Structures are given as C-alpha cells and as structure tokens.
Amino acid sequence: MTDVTDATFADEVLTVDRPVLVDFWAPWCRPCKAIEPILEELTAATEGRVSLVRLNVDENPGVPSRHGVLSLPTVILFEGGEARASVIGAAGRRRFQSAFAQWLS
C-alpha cells in the first residue's frame, strides 16, 4: 500500500489509467487498521488492475475535505479521476467486495 498526500493525490490517484482504492485513515483509528488487511487482500487478487493507496487525514486535510470524507474509515474507489463507489465505516470483506465488485472481478 502506498501513502499519498494532498500534494501527490492528483498524480497518484486522479490521473492514473487504472482504478484506485483510496483508504482515508488516521493513526488513532483502530477500525482503519482493522480493514487494512482486507483491502490489501482484495486489491492483490486483481493482479495490478486496481491500486490501493492510503491518505492520512490528520496530515492531509485538503483531499478529504474536497471529497466529503467526514468519518473514518472511508474507502473511495476512483476511476478516470472520478469517485465511483465508496464504503464508509468499518466493514467486512463481503461489504467491500460488493461495493467494489465491478472493479475487483
């Protein structure tokens, strides 16, 4: 998983030629840490068709504000520079699979 910042978000998420899952998280957020292995497993199964990055909202408030991130964890899938699907809150593998099925399969 790659860390992105407000400064690198556009280059690493919005302008790439594949879907990107963005994990909005904070170091103090235990549910954020709990979903991390699920996200890594799901994106690894795509064999590089979907990337996974994370953005620390405490250190980078600009991007979360622009995308309406109000609670953690929030995971948003971006494709073609646009937010396409999201999961808000801690969830199990099935919920992530269902929300992002179009891109993960």
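The values are calculated or read from the model by the stated rules, or taken from the named source; none is laboratory data. Just so we're clear, the structure is a prediction, and the values are computed from it rather than from any experiment. Quick reminder, even Gly has a Cβ in these numbers, built from the backbone with ideal geometry, and neighbours come from all protein chains shown.
Within the option set 98, 71, being assigned to a loop (DSSP other than H, G, I, E, B), without any contact (Cβ under 8 Å) to a residue 24 or more places away in the chain and either touching a Ser or Thr at 6+ places or on another chain (Cβ under 7 Å) or hydroxyl-bearing (Ser, Thr, Tyr) (or both) holds for one residue only, 71.
With the checklist (1) under 13 Å from the mean Cα position of the chain (by Cα); (2) part of a loop (DSSP other than H, G, I, E, B); (3) under 19 Å from residue 2 (Cα atoms) in hand, flag the one item residue 17 doesn't pass. Tallying (1) under 13 Å from the mean Cα position of the chain (by Cα); (2) part of a loop (DSSP other than H, G, I, E, B); (3) under 19 Å from residue 2 (Cα atoms), residue 17 fails exactly one: (1).
Rundown of residues vs (1) surrounded by fewer than 19 Cβ atoms within 10 Å (Cβ to Cβ); (2) without any contact (Cβ under 8 Å) to a residue 12 or more places away in the chain, yes/no style:
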position: 21; (1), (2): no, no
position: 47; (1), (2): yes, yes
position: 61; (1), (2): yes, no
position: 105; (1), (2): yes, yes
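Scanning the range 27-45 for residues that are in a loop (DSSP other than H, G, I, E, B) and surrounded by 16 or more Cβ atoms within 10 Å (Cβ to Cβ) yields one hit, 29.
What do you reckon, is residue 54 among the charged types (D, E, K, R), crowded, with 17+ Cβ neighbours inside 10 Å, modelled with pLDDT of 95 or more and not in a helix (DSSP H, G or I)? Full working, then the answer.
Values: among the charged types (D, E, K, R): yes; crowded, with 17+ Cβ neighbours inside 10 Å: yes; modelled with pLDDT of 95 or more: yes; not in a helix (DSSP H, G or I): yes.
Criteria met by residue 54.
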